[in-house]
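Reviewing the structure listed below.
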């Protein structure tokens, strides 16, 4: 590696094409075709996860949600989860550690919610700018604060996911690079710590994809 961040470099040596982005499709290649035809134990586990998420998102959307509106958020969760987990494998590019990837997921969602909300529920959107029970003196300030907090939502969604992916991978890389410099006695401690960190990163991969999809659901429920 030329530097610490070269593991996150999207360019490859093959005619300088960014072929590393193809890692986003690797998850589909890894799933065997029989998975979709014959109900297996893995299939049942995945169906149970999807049903649980459907119930969770349906509760968050409330009565105002359209039929089948949870599908996009379950798909979003699955897509981010696949990419987060693939990044934990050696020599596979972590696409979710790049803002260009996470912003391309967060921005279209947020913009579509805003367009829908302001066109169809304009009065409701204006009411959101001033929280209930705000004193009349603070109202102009609250409008500014609420507007700014609304504007930075896609940015916070994207940065949260990218930063969490980068932080864990960098820590694993830093500890891994010290392996050749330490004695045989400490190498076992290092391996144990690396395994613990990998377990933590697996948990982070699930949590971050869940957080991203839940927050997207909450933002969509606010515009109805």
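The values are calculated or read from the model by the stated rules, or taken from the named source; none is laboratory data. No experiment lies behind these values; they were computed from the predicted model shown. Reconstructed Cβ throughout: ideal geometry from the backbone, glycine too, with neighbour counts over all protein chains shown.
Among the residues of the range 36-52, write down those that are over 21 Å from the mean Cα position of the chain (by Cα) and surrounded by 13 or more Cβ atoms within 10 Å (Cβ to Cβ).
The one that is over 21 Å from the mean Cα position of the chain (by Cα) and surrounded by 13 or more Cβ atoms within 10 Å (Cβ to Cβ): 43.
This table checks each residue for (1) in a helix (DSSP H, G or I); (2) under 22 Å from residue 115 (Cβ atoms).
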site	(1), (2)
142	yes, no
150	yes, yes
156	yes, yes
179	no, no
182	no, no
189	yes, no
205	yes, no
208	yes, no
217	yes, yes
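Return a yes/no flag: does the range 96-104 have any residue that is out of contact with any strand residue (DSSP E or B) (no Cβ under 6 Å at 6 or more places or on another chain), touching a residue at least 12 places away in the same chain (Cβ under 8 Å), surrounded by 17 or more Cβ atoms within 10 Å (Cβ to Cβ) and in a loop (DSSP other than H, G, I, E, B). Steps first, answer last, please.
Step one: of the range 96-104, the residues out of contact with any strand residue (DSSP E or B) (no Cβ under 6 Å at 6 or more places or on another chain) are 96-104.
Narrowing the set further to residues that are touching a residue at least 12 places away in the same chain (Cβ under 8 Å) leaves 96-99, 101-103.
Retained after the next criterion (residues that are surrounded by 17 or more Cβ atoms within 10 Å (Cβ to Cβ)): 96-98, 101-103.
Subsequent filtering for residues that are in a loop (DSSP other than H, G, I, E, B) retains 98.
Looking for residues that are out of contact with any strand residue (DSSP E or B) (no Cβ under 6 Å at 6 or more places or on another chain), touching a residue at least 12 places away in the same chain (Cβ under 8 Å), surrounded by 17 or more Cβ atoms within 10 Å (Cβ to Cβ) and in a loop (DSSP other than H, G, I, E, B), one finds at least one in the range 96-104, hence yes.
Residue-by-condition table, conditions (1) more than 20 Å from residue 19 (Cβ to Cβ); (2) more than 23 Å from the chain's Cα centre (by Cα):
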| site | (1), (2) |
| --- | --- |
| 95 | no, no |
| 106 | yes, no |
| 109 | yes, no |
| 112 | yes, no |
| 119 | yes, yes |
| 123 | yes, yes |
| 128 | yes, yes |
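Every residue, every condition in (1) touching a helix residue (DSSP H, G or I) at 6+ places or on another chain (Cβ under 9 Å); (2) loosely packed, with under 13 Cβ neighbours inside 10 Å; (3) modelled with pLDDT of 85 or more; (4) farther than 30 Å from residue 92 by Cβ, yes or no:
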site	(1), (2), (3), (4)
114	yes, no, yes, yes
118	yes, no, yes, yes
146	yes, no, yes, yes
168	yes, no, yes, no
187	no, no, yes, no
194	yes, no, yes, no
